[in-house]
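Everything below concerns the one structure shown next.
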Amino acid sequence: MRAAILYENCSPDELQVADSPDPNPGPTDVLVDVQYSGVDCEDFTRRVRDLSLANEEPPCIPGCEGAGTIAGVGRQVDPSYVGQRAAFLTRSGGHATRVCVPATQVVFGVPDEIRPSVAGGMMRVGLTAVRLSRLAGLRPKQSVLIHGGAGGVGSLLVQLCKLREASVLATVGSEAEVSLDPSKLGGEKGGPQ
């Protein structure tokens, strides 16, 4: 397989792509042929500041989320998953053409209508947004303030809150984000105050 390998803290253009041995799934793992690998804050922090976040010593393969097709399963995993489209979360290893992931960290049966870049790039922010919306105990007609409404988690929270018929106000972090039209996400469009 091919993988982006971290040998030390570095900038993106210093990552090295190299051949690496294919991983073998453990008893409760699945082997994913990766079509898309997301890059999130944890990947950035590990690469630039702290390689120890995944409890691995360099060289290591970064990558915490992605999507692809199940190529194999461990002996305790349902073999009918082989060939299914899937999205995954992992501590590391996602920036490779193949990765082994615990089956409990995989969404199986991703519909064909969902591009791998969407399925794989939304795992961390999507799960965070869903968890936050559930923790809030939101009821219909409540008002909600979402900080960072133009970001990954925030933009999904706007949509989830609107699905629950809430009135949504959102803050943004920069002038460039002010021009985003929240009505496209289900929010109310407001003007300068």
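Key figures
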read-out	value
Test: residue in region 150-157 that is over 23 Å from VAL39 (Cβ atoms) and polar (S, T, N, Q)	no
Of the criteria (1) surrounded by 15 or more Cβ atoms within 10 Å (Cβ to Cβ); (2) in the same structural domain as ASP19 (by TED's automatic domain parsing); (3) not in a loop (DSSP other than H, G, I, E, B), which one THR104 fails	(1)
Residue match in region 109-118 (condition: small (Gly, Ala, Ser) and either more than 28 Å from CYS10 (Cα to Cα) or surrounded by fewer than 16 Cβ atoms within 10 Å (Cβ to Cβ) (or both))	yes
Subset of region 100-115 [closer than 13 Å to GLN84 by Cβ and of a type outside the set (Val, Ile, Thr)]	ALA103, PHE108, GLY109, PRO111, ASP112
Residue in region 86-98 that is part of a loop (DSSP other than H, G, I, E, B), more than 17 Å from the chain's Cα centre (by Cα) and not polar (S, T, N, Q) present	no
Residue, farthest from GLY68 (Cα to Cα), within region 15-37, restricted to residues that are part of a strand (DSSP E or B) and hydroxyl-bearing (Ser, Thr, Tyr)	SER37
Residue within region 136-150 that is touching a helix residue (DSSP H, G or I) at 6+ places or on another chain (Cβ under 8 Å) and in a helix (DSSP H, G or I) present	no
Among the candidates CYS64, CYS60, residue that is at pLDDT below 95, touching an Asp or Glu at 6+ places or on another chain (Cβ under 6 Å) and surrounded by 12 or more Cβ atoms within 10 Å (Cβ to Cβ)	CYS64
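The values are calculated or read from the model by the stated rules, or taken from the named source; none is laboratory data. Just so it is clear, the structure is predicted and the values come from calculations on it, not from any experiment. For neighbour counting, all protein chains shown are included, and Cβ atoms are generated from backbone atoms with ideal geometry for every residue, glycine included.
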